[in-house]
1. Given (1) part of a loop (DSSP other than H, G, I, E, B); (2) surrounded by fewer than 17 Cβ atoms within 10 Å (Cβ to Cβ); (3) of a type outside the set (Gly, Ala, Ser); (4) facing chain A (nearest Cβ under 8 Å), identify the lone condition not met by residue C:42.
2. Can you name every residue in region B:267-321 that is in a loop (DSSP other than H, G, I, E, B), under 30 Å from residue B:97 (Cα atoms), among the aliphatic types (A, V, I, L, M) and more than 14 Å from chain A (Cβ to nearest Cβ)?
3. Given the condition in a strand (DSSP E or B), touching a residue at least 24 places away in the same chain (Cβ under 8 Å), surrounded by 19 or more Cβ atoms within 10 Å (Cβ to Cβ) and not charged (D, E, K, R), answer yes or no: does some residue in region B:220-235 qualify?
4. Restricting attention to region A:318-351, which residues are polar (S, T, N, Q) and at the interface with another protein chain (Cβ under 7 Å from one of its Cβ atoms)?
5. Considering each residue of region A:352-386, count those that are more than 8 Å from chain C (Cβ to nearest Cβ) and in contact (Cβ under 8 Å) with a residue 60 or more places away in the chain, and give that number.
6. Just checking, which of B:440, B:381 is outside the structural domain of residue B:462 (by TED's automatic domain parsing) and free of Cβ contacts under 8 Å to residues at least 40 places away in the same chain?
7. For a quick check of your reading of the model, give me the residue pairs whose first member lies in region A:21-48 and is of a type in the set (Asp, Glu), whose second is at pLDDT below 95, with beta-carbon atoms closer than 8 Å and at least 6 apart or on different chains.
8. Quick check on my filter: what residues within region B:116-154 are polar (S, T, N, Q), more than 10 Å from every other protein chain (Cβ to nearest Cβ) and farther than 19 Å from residue B:25 by Cβ?
Amino acid sequence: MNTLFNASLEQLSTQLAGKKISSTELTTEFLKRIQQLNPEYNAFITVNEEMSLAQAQAADKLLASGKANALTGIPIAQKDIFCAKGWLTTCGSKMLSNFVSPYDAGVIERFNQTGSVNLGKTNMDEFAMGSSNETSYYGVVRNPWDRLAVPGGSSGGAACAVAARLAPAATGTDTGGSIRQPAALCGISGIKPTYGLVSRYGMIAFASSLDQGGPMAKSAEDLALLLNVMVGFDPRDSTSLQRDIEDYTRDLQKPLNGLRIGLPKEYFAEGMSKDVEMAIENALNEYRKLGAQTVEVTLPNTPLSIPVYYVLAPAEASSNLSRFDGVRYGYRAESYGDLGDMYRKTRAQGFGPEVKRRILIGTYVLSHGYYDAYYIKAQKLRRLIAQDFTDAYKQCDIIMGPTTPTVAFNVGEKSGDPIQMYLSDIYTSAANLTGLPAMSIPVGFGDQHRPVGLHIIGNYFREAQMLNVAHQYQQTTDWHQQSPL
Amino acid sequence: MQWEIVIGLEVHTQLSTQSKIFSGASTAYGAAPNTQACVIDLALPGVLPVLNKGAVERAIKFGLSVGAKINSPSIFARKNYFYPDLPKGYQISQYELPVVQGGSIKIEVDGIEKTIRLTRAHLEEDAGKSLHEDFHGMSGIDLNRAGTPLLEIVSEPDLRSSAEAVAYAKTLHSLVRWIGICDGNMQEGSFRCDANVSVRPRGQEKFGTRCEIKNLNSFRFLEKAIDYEARRQIDILEDGGAIRQETRLYDANKDETRTMRTKEDANDYRYFPDPDLLPLEISPDWIGHIASSLPELPQVREDRYVSELSLTAYDAAVLTSSREIADYFEATVRVLPTQAKLCANWIMGDVMAQLNKEGIEIPACPIQPDSLAALLTRISDGTISGKAAKAVFESLWHGELNKDVDAIIAAKGLKQISDDGAIDKIIDQVLQANPQQVADYRNGKEKAFNSLVGQIMKATQGKANPAQVHAILKKKLEQ
Amino acid sequence: MTLTVTDVKRIADLAYIEIDNDEAEATLTQLTGIFDLIETMQAIDTSSVEPMSHAQSVTQRLRDDEITETDQRDACQAIAPQVEAGLYLVPKVIE
């Protein structure tokens, strides 16, 4: 049965198509494993066997009728940020601890349409604000490689679920690194596509202009299959892009001869720990062996990405989270006086400290007299950061570096120091500010045998190329196949 | 001291779209609470706005009809504040770069024409409603109206009296209905005014401190609120006091304004561009297409009625006070191009009086323009007298004889006697029967003429053409 | 720029989040640190740079004016804290 949990999506799909196993059986196996192991990891907030199995049975009918697609019948763990009809959808917050969504997110609809099974809702930092999964109202998620360590965040539950083989694959969302950073810390693969490719409809907003959904899985090949389902125009999202449908698996087998990998000198400067640097160097050597060449590029505004991010993301968040007021859904304070008191108590009690902190930052930077100095300034710098990448891509095809400056830190180690926590997004947030696609793949281990992730940033809409680059590496290495259990 | 009142108006017009500005929910008025509030209007977690083309089209129409600039791109911004009727905790509006910039409107007060400049008009969403009936000490929220498209039209402080403000509001009200972007129903809140009022010593250039009066939902309240507010400010200043900038509410029952919130506790709205919406580009092609579909504007039509149809300025203004009336007149005069004055008189007289009496609007008038034109044709060609025409009008109104004018005239025997021979004969009979009056007339008693006319009309049961009677009688008496 | 406890309380008030003195003090320390980081932005001259609001330079797509939503009141109010007669109930709204 170990092979089942370690199987690739392609292998599972073949087994389902060949009637070696039914979706109901497959789903049941994963549900059993979740029941057994989740108490240790806390990767899932909600598991609903009845609803999952109903979908599995429907998938079995599709499979029997020969109308199956690549992911039909395959259980997928959904980040609890995606609204799913009839499912508790908490976004990791007390505020939504009683919110059973009456509608499906665009991403959920696409998985439903292809006949995938919703395996459960994964734990996450509250409203996706965090880099360690410690801000969740539903408690800390443990890193399957080392239970003392955080899994990263905000898609920590998703990364943990895939790494611990509690799910064949998962969805995540990435506003400043929330797919890539936990993927790196848990030793799995994850990709944030170009902004606008995956529908944000029904994906609970953190920072609208930065949020982007994406898949998290064991390998690049799995990611390609997942992207084929997740990417697509959604008329309900004004920022969703109308583009021709792509098959993200199409370039997986291409050789990497002549590929120019840009290495930003700012990413290889101080800040990166020795163990991470070693793993990254080894990975780059592997790429050189695969025929790629590396060139030094420069992204001079790199140090600005964190301050810019911590103006823009909280500003948008402060407004996006205003709808949580205890009037129409969600948590309402137990006791209160007048209307204003009801609002203030509801929001004080319903939000955790990190969310409140960011709402306050955002409120402040938008407030009268500060808007130009902070918000507009940050938007101008955002353009300079984007320009850095445009310039860099004149000299290279793809950019690589570490996903995170260090391997996973311990639970509690940074939770009292928001700035240290924020700095763990140093390499990842630029991709959100620019909208560029970026991914992380496992490239070995650092101190305490904790995983290291290689960050691959592509040019706009070059996901197929990035997956090819990642896949070729995974053809000659087996980091992605290693499991902590 | 002589005081000058300075007024600027902000008018919220509800745009007459089928669906809401950012969702596909219906905008129909009067539905059961919250049955037209979809997940987007309710601001459920994760939902997103998509802009309604119909709302943008209406904003462009307005801009073109006031000679404004259509901004492209224009930007949607979030206005952040908490209120239970505002589900997202922010209103999607426009701040910098509204869709419509500038433009102007001509008004007329006491025969004096004045141009009022517009600052801007921007698209935004309406809020829901708080119902203040008592639910065990709580309020009920109905979000059906949340997300209804509004065009907020902001004027420069160019108005100098409540009469000018009302004239401006009425002109605007007529215009938005004329171009078909708003139903103008003030009872249902489709056209709502806020007034910024200040006073200054006459001759002073600097504006005084202004107060904004909210909640002015009729022209009468607008007038009364401005008058009250100006008086209040003047009284304070004359007592040596100072005006405090604030938002005030007009209480129609007490006919007074009272403080709603002061500048100190005014909201810090934290406007910023809505990241869920992209810059709105409006192509010259689209603007051109809308421009070509715009109806002839009221001002243009009013001028044309004077210059081409030789109507008086008063008649032209009344007939263009609404698109429906003007179109009714237009359809009537099309049949009788040389009788514009006759058409105008009948529409402004009998038609309007009867509509008023029955409390209906002109689109529901039982006499359609073609029927009225048929009736007026019979007056102008001498078939019936003006008096007889009133009877035909009655019949038409009540739908008699399939509203066939000639059939009604025939059935009622209202046809005028215009045959010279027939009239001649009757006159001869009357003259013979009244030798004394004939003699009186010939002796210079002019009155006797009218008496003879009366007798002739009586003898024809009023059907003789009076003009002919006059001419023939005169000729005979002077023989 | 120096933040004060008064600022923190004012912001919390704008954000409609109840905050007591101790929380405001603790928040002040954290926000001060974060704003020190944010202030590093000011060193860069951006006078000739246009602000960037969106990752893609695309324009707003428009929806046809059609009613596409049906009445979902029951489903939506099933998850509401307090409703009566189809209305969402809140403490008395005073204008």
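1. It fails just one condition, (1).
2. Those that are in a loop (DSSP other than H, G, I, E, B), under 30 Å from residue B:97 (Cα atoms), among the aliphatic types (A, V, I, L, M) and more than 14 Å from chain A (Cβ to nearest Cβ): B:282, B:294, B:297.
3. At the first step, the residues of region B:220-235 found to be in a strand (DSSP E or B) are none.
Looking for residues that are in a strand (DSSP E or B), touching a residue at least 24 places away in the same chain (Cβ under 8 Å), surrounded by 19 or more Cβ atoms within 10 Å (Cβ to Cβ) and not charged (D, E, K, R), one finds none in region B:220-235, hence no.
4. A:318, A:319, A:322
5. Residues flagged as more than 8 Å from chain C (Cβ to nearest Cβ) and in contact (Cβ under 8 Å) with a residue 60 or more places away in the chain within region A:352-386 amount to 7.
6. Working: B:440 fails: outside the structural domain of residue B:462 (by TED's automatic domain parsing).
Criteria check complete, one pass: B:381.
7. Close Cβ pairs satisfying both conditions: A:29/A:1; A:29/A:4.
8. B:119
The values are calculated or read from the model by the stated rules, or taken from the named source; none is laboratory data. Keep in mind that this is a model prediction, so the values were computed, not measured. Don't worry about glycine lacking a Cβ; one is built from the backbone with ideal geometry, like all the others, and counts go over all protein chains shown.
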